[in-house]
Each structure stands twice: as C-alpha cells, then as structure tokens.
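Here is the structure we will look at, set down as structure tokens.
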Amino acid sequence: MNYLYLIIIPVVLVLFAGIRIVRPTQRGLIERLGKYRSLASPGFHWIIPVIDRLFMVNVTEQMVDAEPQEIITNDNLNASVDAQVYFRVKADEESVKGAIYNVNNYTWQIVNLARTTLRNIIGTLTLKSANSERGKINAELYTTLHNETKSWGIEIVRTELKEIDPPDDVQETMNKVVKAENEKIAAIDSATAAETVADGIKRAKIKEAEGFKQSKILHAEGEAEAIKLVNEAADKYFVGNAQLLRKLEAVEASLEKNAKIVVPTGTDLVNIIGEMAGVLPIERKK
C-alpha cells in the first residue's frame, strides 16, 4: 500500500506541474527537447515537465518609447528628439514563431531601430523644417519600421513623434521672434480697424454734407419758385403797377412796425389803401 502512494504522488505532481493556461491576449510556443512542436492557442494545455517548454507571447498592441536623444540637425543645432512606437505581434503561427526565433528581444530592437531611423531622417532637415514637417517624419519612421520588422512577425500600428526640442538659447530666440510676429500682426490689425473707423466717419461726414447741400438746393429752389409765382401774379394783376406794388409792400412792412408814414394825397397809393380799408378818399373843396 505504501508503495502505491509512492507511485501515485509523483504522478499527480507531474500532472499538475505540466498544466499551462494560455490567456486570450497571448499565444504560446511549445518546444520539446529544444525543437518547435506546436502553437498553443488560448485555453488549457498540458506539457511534459522538463521535456517540454512553453514560451508565451503577448499579441495585444504595445507601446515603446524611443527615449529622448540629442540629434544634430542640418543647420548644426542640437535638438532633443523623442518618439513613441505602437506595435503588436500578429497572432498567427508564423508571426509568433518569427517574434521568438527571428529576432532577439523584439521590443529592444524596435527601440534602437527607431532611434537610428530618427537620426537619419532629422539629420537631413533644419530645425525649423523638422518642426513643421512632423507628419512627414512620422510617415518615414513608420515606413522604415514596417519594412524592417516584417520578418519578425511584428505589425507596426503607428508612430508618433513626441518632441523636437531645440537648445534653451535657441528656444528663447524663437519665442522672441514669435512674440514679435504676433505684436506685428496685432499692430496691423489695430491700424486696419482704426482706418476702417476713420473711413466710416469720413463717409458719414460726406453723407451729412451732401444732405445739407441738397436741403439748401431744395430751399433755394423753393424760394425761387415762390418769387416766380409772385412775379407771375404781379404781371397778371398789377400790370404797369410794379412800382406801386413795391410801395404797397413797403407800407405793409412799416405798418407792422407801427411806423408813421406820410403819404402824399392824390397818389394811386392812397386810393389803394382806401379801397383796402373800405374808405373813399375825401374830395378837396375847390
């Protein structure tokens, strides 16, 4: 009976020691005596302890930082450059095998390849063009990494240029230039606004002057029309008596001011005044 326990217990321990669980985010490679045997998909697996080995591979998207590095640009300025690379190991069997057998530590290799590629790209650009052409740098970095990692079973998802920082003194100078440009634009905008306001005031003054001029013209035309009508009435009703009409107007103006007027008797003006008042002139005794 004791011998039976001595047999059963080691067998149970071996069975438990060979149990392996592969998660959905992983794939496994099973080797037997140093040779590839099979791909372990997600789920339960049992391997022979000591004889078999299971290597796990993460197949989810991962990110590595290329780490900041000093790169000399084409205009001989030192720029601190950093980038991030997003990648994943493809889940098919050949890709998982490539990530394990075709490259030693693919994460470390991607970081170094990205750093070298960034030096090659930015070294041909000036600092200004490097900052303004980030999309182009990302595209070239992605293309290089994509082509170089094909045999590794790696898929480069995207690359992001994290920073391109110039030296402190250069950054300070660039900030001053940007500030001066902003102040220049603000001054131009302010001058344009002032010019617009002045132009509006000028147009308003012109309109006002034109309106005043037009009112004067209309007033003068009205007076001229009135004079014309008076002249026509005088010609119609006072034919040959223009001087008498003028004298009558003078008398009317004087009476309004309570002025005393001496009118010679026997004149036509006396007859007109009398007729206006309803009084007949007194005949002088002979």
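Computed quantities for the displayed model
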{"item": "Spacing of the two label points (7 Å from each Cα toward its C-beta) at GLU208 and HIS146, in nm", "result": "6.9 nm"}
{"item": "Gap separating the Cα centres of the stretch 32-76 and the stretch 97-120, nearest whole Å", "result": "12 Å"}
{"item": "Length released on extending from ILE227 to ALA186, taking residue separation times 0.36 nm less the Cα-Cα span", "result": "8.6 nm"}
{"item": "Stretch gain in nm, segment LEU4-ARG158, where the contour uses 0.36 nm per residue and the Cα spacing is subtracted", "result": "49.4 nm"}
{"item": "For the stretch 108-125, Karplus couplings with θ = phi - 60° (6.51, -1.76, 1.60), whole Hz, Gly/Pro x", "result": "5, 5, 5, 4, 5, 5, 5, 5, 5, 5, 4, 4, 5, 6, 6, x, 9, 10"}
{"item": "Rounded FRET efficiency, nearest 0.05, which uses the C-beta distance separating ASN102 from GLU61 and R0 of 25 Å", "result": "0.80"}
{"item": "Label point distance in nm, THR196-TRP46, each placed 7 Å from Cα along Cα→Cβ", "result": "8.4 nm"}
{"item": "Ranked list, fewest to most other Cβ atoms within 10 Å of each Cβ, for LEU29, LEU13, LEU4", "result": "LEU4, LEU13, LEU29"}
{"item": "Integer Hz, Karplus 6.51/-1.76/1.60 couplings in order for the stretch 52-65, x for Gly and Pro", "result": "9, 9, 10, 10, 8, 10, 7, 10, 7, 5, 10, 10, 10, 9"}
{"item": "Per-pair calculated FRET efficiency, R0 = 30 Å: VAL14 and TYR86 via Cβ, rounded to 0.05", "result": "0.10"}
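Bear in mind that the values in this text are calculations on the coordinates, not laboratory data. What you see is a predicted model; the values in this text were computed from it and never measured. Cβ coordinates were reconstructed from backbone atoms using ideal geometry, including for glycine residues, and neighbour counts include every protein chain displayed.
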